[in-house]
Amino acid sequence: MRPFSYQRATDPDMAVQALSAAAAANNPLTQAAAQPLAGGTTLIDLMKLDVMRPAAIVDINPLAHGWSVIEPNGDNLRLGALAKMSDVAAHDGIQRNYPVIANSLKLAASAQLRNMATLGGNVMQRTRCSYFRDVSYENCNKRHPGSGCAAMDGVNRMHAVLGISDQCIATYPGDFAQALIALDATVEITGKAGTRSMPFAQLHKAPGSTPDIETTLQPGELISAFAVSGRWPRSVYLKARDRQSYEFALSSAAVALDVQDGTIKDARVALGGVATVPWRAREAEALLKGQKFDEALAQRAADAAFADARGRRHNSFKIALGKRVVARALQQAVTMEI
Amino acid sequence: MTAAAPEPKINMGQPVPRYDAVVKVTGRATYASDMPLADPAYAFLVTSAIAKGRIDRFDLDDARRVRGVIDIVTHENGPKLKESKLFSNGGYAGTTIQPLKSADIAHDGQIIAVVIAESYEAAREAANRVKVSYTAAAPSATFDSPGTTIAAAKGQNAQFKEDPKVGNFAKAFEEAEVKLTASYDTPTQHHNPMELFSTSCAWMGDELVIYEPSQFVYGLKYGVAEQLGIDADKVRVVNPYVGGGFGSRGSMTPRTAIIASIAKRLSRPIKLVPTRDQGFTITTYRAETRHEIKLGASRDGKLLALKHEGAEISSRPDAYCVGGTKTTTRLYACPNVDSLVSIVRADRNTPGFMRSPPEVPYLFALESAMDELAVKLNMDPVELRRINDTTVEPIGGKPYTSRSLMACFDEAAKAFGWAQRSPQPKSMSDGDWLIGYGCAATCYPTQMGPAAARVRLQRDGRTRVEIAGHEIGTGAYTVVAQTAAERLGVPLEKVAVFIGDSDLPPAPVAGGSNSTASTCSVVMMVCDQIRQRLFKAAMPSQSLTDKAKETVGIGQTPATQAAKGDRPLDLEKAFDALGVGVVEEYGEWKPEGAPLDSFRAMHSGQVRLVGGHAMKDQIAYAFGAEFVEVRVNRFTHEIRCPRLVGAFAAGRIMNPRTARSQLMGGLIWGMSSALLEATDIDERNARYVNDNFADYLVPVNADVPGVEVILLSEQDDHINPAGVKGLGELANVGTNAAICNAIYHATGQRIRKLPVRLENIEV
Ligand SMILES: Cc1cc2nc3c(=O)[nH]c(=O)nc-3n(C[C@H](O)[C@H](O)[C@H](O)COP(=O)(O)OP(=O)(O)OC[C@H]3O[C@@H](n4cnc5c(N)ncnc54)[C@H](O)[C@@H]3O)c2cc1C
Ligand code: SF4
């Protein structure tokens, strides 16, 4: 770890001020000199590994007072960016009306981490690519643009098969973001110009030729809340992994359905563990909508979700696995009692 | 789960709670890096980012500018250290690759610089700022990598003298009615004990104290003295508690002498706490292995021919090998046996002991093959073991001192509900999950080594036992205290035990599961010396018969099993008769068949273990049987193991509570090894990739819902005075095969490569 200054932001303006002051032009957010600190379970970790080297830390935890709401009120859901993963996962209203959200959080990390970690930090967590996290590897386009990608022909079992580029195949590791993107959530952003909202689907950026740019957030901007409209009681988060708990997904599916009289009126499918960003499988959704559910349909939808997938030496299995996970999650969602 | 403190059966001690339980759960146990030092400086290691080549240049400017940096030590200004030989060649070291000696790099993560600073943080920051230019060469990573060399182990490794053979394998295999040929692979694994590989060194004049988690304080003492070129009497190693070892701390690593010499140079105590990932390359590991097994049997299941060929990875300079054929060729009755062990050299750090080093990979192969053979024979795998059970090992025709393998199978099968298994693969399921039952034999050689102890008894019964044993979490304090209490007939609370300090009388390495057998045997012997003195003083007219020696108790509680009519000795009267307040005895014990130089070796930090197959007229092993239930998800192919049941017989069980803990931990480790643990190697550059606890998977609680340990009574009077076989490395051996056998039963798919991951399942 390198020395850094530490500042507690007692109100949003102060946080935005402190973060923007340190922002240099043309520096992507991941390289910004000042970084907000929420639970710290990603940020401090990467600082210890010397991967992130911010000169200034702006502690936004004092904002929790206003930024940690959990409000499943009426037909709309609002979640504050500083709400803790564990509190949201344990919330009755979330479990009842948004099981996909509750389970994506409950199946993530460990109890200790969920007690520390916030929703805002969670969606901003960075890839677990071993070559990214170990600075002794020179070739990582995400850390050093243009340096190459050690994972491409290295140990890449955990890496992505969707949304990849010839620059980077790092998996977006989080679970919760899949629930958000499936439910068409919006993200509320607080910055110098005040507060704006945009579809959550527009937050993350696929690596393309700039893997160091991970989100559309600008230095000086903070996520303050997430919002979902409608209730999604028929929703599932299915996560496949090597061990029973405390591990990132090898493949996961967030599925939300609206089934009326046996017909799928609306379908939402998002994929985790297999893509470089939170991944919405719209092709699969299109196949499902308006249909009666059966296994063959689930299979077709799953195939469609992975039609563009490309595996490498150690991760090709994720394509077949991902399809089975999607099919099974659809089945579970259809048959769940609500 | 079975109770934490199982009721003792015949030939078992009391399940007393751990001697160190309270200090451990209250966080007061002092591990090496907890030891207070006066004004220490902090060291942080810089390790190489290439596996082969040379360092061209260091750029240290940036690092030196970090506030608080005191010194940066590289090969250019490094300490001049003497070489130490590999432990298997009569030395102390786990590797002969000596870092900071030259610009050459022999493996990934080799120590190339040590930054010393006023704080840990400054040292780490400066280490991050060290820039190194290398000329890299293409390294050979592992099997099949270009540039590796292969040669028979025999002749290279002093501890692997012979490839066991008997009869005429080729002919018997040719003629056998049922034949099996199969290949098996095991991965690289790292010990990852919780306590990091820390080292603190402090000099007082010309005397050095080392605080380091070690499984062999005497070995480290003599090894460091040799490297520094100083008198071993000036070196003391202290570690009252070791946060897990599993073999990783059995031999000396290069870091200790390096830190000691920097401490000397700077005239300051130095504390080093390497990171988790550095632990992967600055110590040893379990190397990957490959096996080919050939079995020939008659239709009714009798083994007629067995051949086991194994290949193991080692480093370029060191011929480390585990050679588990010494066990697999002797486990079952079979008249025609052949074997060969080879060592494949690659550009890697030198591997070393890891919990049951030979048995884990080699029995995985044999016990998987036995299951495959049972399938070919359409026979229950337990029955196949019964048909080939033996009391005499086939290679040298020596009798097992005792062997309860089939009793273990029967007990474990009953507890597990093996009878409910429908033998057809893929025939059992529960909702989304295919269910499989599998079993395997487990075994581990009984070993012991020369040991010394000092015991002091006071008039009021207070007892002090001193022995340089090691508390690596196994219960060493507890069983030593129990032994003294039983033998002297004093209450357990009155016994104080001092271990983990090279100023105490020497004990062997805490490896090879010899500790309980060796330390308890010597403590028994020394306690008996005290009993004899007291007995002679109190009852000078009576002759001290052997029987009385065995049975007469002193103090309040009669010792062991005091025969009816024997009066306990009145301790106060005995002390009055002797006219002293304290009786103290020192003694040295060596096992039968120990080499002549045993005691000399013991006093110079060298190991002379005897036992297993290497005994003169007999062979001694502990046995067990392990049954597992595996569930494989039809959709995700996730593999879970909800039940592990093991029955074990290991001679006298000193303490059923600590024994159960060891065996339970072993079963869990075995499951971990079968399903989770593997160090990934990037073959392009021979580097370990998943060198952290998030990526190197070990089970979490949710992975281990049910473990049952059954301890069988077994009495063995042929091994050592304590009658102890040792069981620390017994339980994690069979599990690998048991799990693969269960996966076969669940899915119909035979998997011969560990670990089994969901992508290996095709259902
Ligand atoms: C061992 C381990 C296992 C894990 N397993 C899982 C898992 O299975 N599934 C899973 O989903 N996650 C997992 N995680 C990741 C964990 O969930 C995240 O680290 C956590 O959610 C991050 O939240 P935080 O509040 O601690 O963020 P921080 O570490 O404080 O912040 C993370 C990043 O987001 C930025 N940031 C924080 N808050 C905001 C905000 N409001 N607006 C803008 N930027 C912000 C920070 O500057 C930083 O760059 C695991 C983590 C670990 C260490
Ligand atoms: S996959 Fe991306 S993060 Fe990983 S090494 Fe390649 S460029 Fe870096």
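No value in this document is a laboratory result; all are computed from the given coordinates. Small disclaimer: the values here were computed from a predicted structure and weren't measured. Note that we place each Cβ from the backbone using ideal geometry, even for glycine, and neighbour counts take in every protein chain shown.
Between B:Gln532 and B:Ser713, what FRET efficiency follows from the Cβ-Cβ distance if R0 is 45 Å, with the result rounded to 0.05? That pair, B:Gln532 with B:Ser713, gives E of 0.90. Straight-line reach from B:Lys573: which lysines have Cα under 29 Å away, leaving out those fewer than 8 places along the same chain? Once the sequence-local lysines are set aside, what remains near B:Lys573 is B:Lys494, B:Lys536, B:Lys547, B:Lys549, B:Lys564. Ordering B:Ile293, B:Ile761 from the fewest to the most neighbouring beta carbons within 10 Å gives B:Ile761, B:Ile293.
Database remark: amide H of A:Ala81 closer than 5 angstrom to the amide H of A:Ala225, A:Phe226 (H placed geometrically; neighbours at sequence offset of 5 or more, or on other chains; Pro and chain starts carry no H).
In the elastic network of chain A, a GNM with C-alpha springs shorter than 10 Å, the most mobile of A:Glu283, A:Glu71, A:Glu295 is A:Glu295.
Note: relative contact order over segment B:1-149, using C-alpha pairs below 8 Å and six or more positions apart, is 33 percent.
Here the Kirkwood formula puts the hydrodynamic radius of segment A:191-338 at 16.8 Å, using every distinct Cα pair.
Taking only the C-alpha atoms of segment B:333-399, Rg followed by Dmax gives 15.7, 45 Å.
Among beta bridges from DSSP that stay inside the protein assembly as shown, the antiparallel ones total about 75%. For segment B:650-663, 3J(HN,Hα) computed residue by residue from phi via the Karplus equation (6.51, -1.76, 1.60; θ = phi - 60°) reads 9, x, 5, 9, 5, 8, x, 6, 6, 5, 4, 4, 4, 6 Hz, glycine and proline entered as x.
Note on A:Gln260 and B:Lys82: their simple-model spin labels are 8.9 nm apart, each label 7 Å out from Cα toward Cβ. Within segment B:658-763, the percentage of alpha carbon pairs spaced more than 25 angstrom apart rounds to 37%.
Contact order, relative form, for segment B:249-403: 23 percent (alpha carbon pairs under 8 Å, 6 or more residues apart, mean separation divided by residue count).
Separation of segment A:93-116 and segment B:276-343 by C-alpha centroid, Å? Using only Cα atoms to place each centre, the spacing works out to 46 Å. When each of the peptides B:106-118, B:205-217, B:155-167 is scored by how many other beta carbons lie within 10 Å of its residues on average, the order from highest to lowest is B:106-118, B:205-217, B:155-167. With R₀ fixed at 51 Å, the C-beta to C-beta distance from A:Arg78 to B:Ala137 puts the FRET efficiency at about 0.30.
Centroid-to-centroid, using Cα positions, segment B:479-525 and segment B:602-671 are 22 Å apart. First obtain the Kirkwood hydrodynamic radius of chain B from its Cα pairs, then insert it into the Stokes-Einstein equation at 4 °C and 1.567 mPa s, and state the resulting D in µm² per second as a whole number. After rounding, the answer is 48 µm²/s. Taking other C-beta atoms within 10 angstrom as a stand-in for reagent exposure, B:His603, A:His144, B:His470, B:His190 fall in the order A:His144, B:His603, B:His190, B:His470, fewest first.
Here segment B:512-529 is scanned for amide nitrogen atoms under 20 Å from the site 7 Å beyond the Cα of B:Arg462 along Cα-to-Cβ, giving B:527. Here B:Lys398 is the anchor, and the lysines within straight C-alpha reach of less than 16 Å, apart from those fewer than 8 places off in the same chain, are B:Lys165, B:Lys326, B:Lys616. Between A:Asp92 and B:Thr181, the simple label model (points 7 Å from Cα in the Cβ direction) yields a spacing of 6.9 nm. Taking 16 Å as the straight-line reach from the Cα of A:Lys292, the lysines in range (excluding those fewer than 8 positions away in the same chain) are A:Lys265. The long axis of helix A:295-305 is offset from the longest Cα principal axis of chain A by roughly 30 degrees. With both labels modelled 7 Å from their Cα along Cα-to-Cβ, the A:Leu113 to A:Gln202 distance reads 3.1 nm.
Across the residues of A:241-253, average count of Cβ atoms on other protein chains within 10 Å?
Average neighbour count from other chains, rounded to a whole number: 5.
When the Gaussian network model of chain A links Cα atoms closer than 10 Å, the mean-square fluctuations of A:Gln95, A:Gln291, A:Gln112 top out at A:Gln112.
Globularity index of segment A:5-62 is 1.06 (Cα radius of gyration / 2.2 N^0.38 Å, N = number of residues). With R₀ set to 30 Å, the beta-carbon distance separating B:Ile10 from B:Ala614 gives a calculated FRET efficiency near 0.55.
Place +1 on the Cβ of every Lys and Arg and -1 on the Cβ of every Asp and Glu in chain B, take the dipole about the Cα centre, and give the residue among B:Val583, B:Leu306, B:Ala106 whose Cα lies farthest towards its positive end. Value computed over the given set: B:Val583. Dividing the convex hull volume of the alpha carbon atoms of the protein assembly as shown by its residue count gives 180 Å³ per residue. Residues B:Glu359, B:Glu762, B:Glu367, arranged from fewest to most other Cβ atoms within 10 angstrom of their Cβ, appear as B:Glu762, B:Glu359, B:Glu367.
Summarise the partner chain shielding of B:672-685 as one whole number: the mean count of Cβ atoms from other chains within 10 Å of each residue's Cβ. Walk me through the numbers before you get to the answer.
Values: counts 1, 0, 0, 2, 3, 0, 0, 0, 7, 1, 9, 3, 4, 3.
Counting Cβ atoms of other protein chains within 10 Å of each residue's Cβ and averaging gives 2.
Here the 3J(HN,Hα) profile of segment A:252-259, calculated from phi with Karplus coefficients 6.51, -1.76 and 1.60 at θ = phi - 60°, is 9, 9, 9, 10, 9, 10, 10, 10 Hz, Gly and Pro shown as x. For segment B:23-95 versus segment A:213-266, the spacing of their alpha-carbon centroids is 46 Å. When the listed pairs B:Lys131/B:Lys271; B:Lys52/B:Lys161; B:Lys221/B:Lys264; A:Lys318/B:Lys294 are checked against a 25 Å cut-off, the alpha-carbon distance exceeds it for B:Lys52/B:Lys161; A:Lys318/B:Lys294. Across segment A:235-335, C-alpha contacts under 8 Å between residues 6 or more apart give a mean separation that, scaled by the residue count, equals a relative contact order of 27 percent.
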